[in-house]
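Asks: One structure is given below, represented as structure tokens, and several questions about it will come after.
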Amino acid sequence: MGMVGRSRVCGRGRLCKQTSWFKPLTNHCTGLNTTGAAGRWCFISLMNDIEAIKELIKRWYEVRQWAEKFLCDSLKLKNPCDILQSKYRGRHQVLDTEWWYRTHGIGVDITKSGNKGGIDFDFDKLEPDEWRLREFMVKQLNDGTLIKRTYRPLLQDKKRFCLSVNNSNLKPNKRFQQTAKSRGC
């Protein structure tokens, strides 16, 4: 028999001790679904720290590409690096959006009010460093785009975060590097 408990996937249902499979008590389920003899099931899958960091870095590259395109489209820039011109310097709201940008040195910080969403990056660095990756995680957690149960422990324990980043053994994103070089940044 399973025990009644809360699922990490959808928050309600029955968890079987022997199989680690989750059977919802209702049709509500946001997890991975398969159909079995007993009906609809969800497998509980939790990321370890290294997998979480790999996903975070993958998301960092995606959001950086979005941010560069967003700046070019919104401010009518030919090149994302043009944001560093003196007329764009400082902190400004992007018209008709909830987004703000702030230029600094050779980079830009794009965010919503309350440090939600967005990204902070330098144009001369194609890979995130630990500090920027941690700041990115904070912004994404504040925006609700990351699973708090997975990422909050990494945020609260700096040694655990640094160890996970160092052990992720990620190679630079070649496709992103080629795209950045073609833009001339």
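Where a number appears in this text, it was derived from the coordinates with a stated rule and is not lab data. Note that the coordinates shown come from a computational prediction; the quantities given were computed from them, not determined experimentally. Methodologically, a virtual Cβ is constructed for each residue, glycine included, from the backbone with ideal geometry; neighbour enumeration extends over all protein chains shown.
Asks: Which of the aspartates and glutamates could be linked to Lys116 by a straight reach, that is with a Cα gap under 15 Å, when you skip same-chain ones fewer than 8 residues away?
Replies: Glu98, Glu135, Asp143
Asks: Let me ask another. Estimate the FRET efficiency between Leu77 and Asn169 by the formula 1/(1 + (r/R0)^6), using the beta-carbon distance for r and 35 Å for R0, to the nearest 0.05.
Replies: Efficiency, from the Cβ-Cβ distance: 0.50.
Asks: Which entries of Lys54/Lys125; Lys58/Lys148; Lys58/Lys87; Lys112/Lys148; Lys69/Lys148; Lys54/Lys158 show an alpha-carbon separation above 21 angstrom in the structure shown?
Replies: Too far apart for the 21 Å limit: Lys58/Lys87; Lys69/Lys148.
Asks: Another question about this same structure. Ranked from highest to lowest mean number of other Cβ atoms within 10 Å per residue, what is the order of the peptides 57-64, 116-123? Please list the in-between numbers first.
Replies: Details: 57-64: 17.6, 116-123: 20.1.
In descending order of packing, they fall as 116-123, 57-64.
Asks: Between Lys87 and Lys112, what FRET efficiency follows from the Cβ-Cβ distance if R0 is 30 Å, with the result rounded to 0.05?
Replies: E between Lys87 and Lys112, to the nearest 0.05, is 0.80.
Asks: Can I ask one more? Net charge around Gly114, counting only other residues with Cβ within less than 12 Å of its Cβ (Lys, Arg = +1; Asp, Glu = -1)?
Replies: +1
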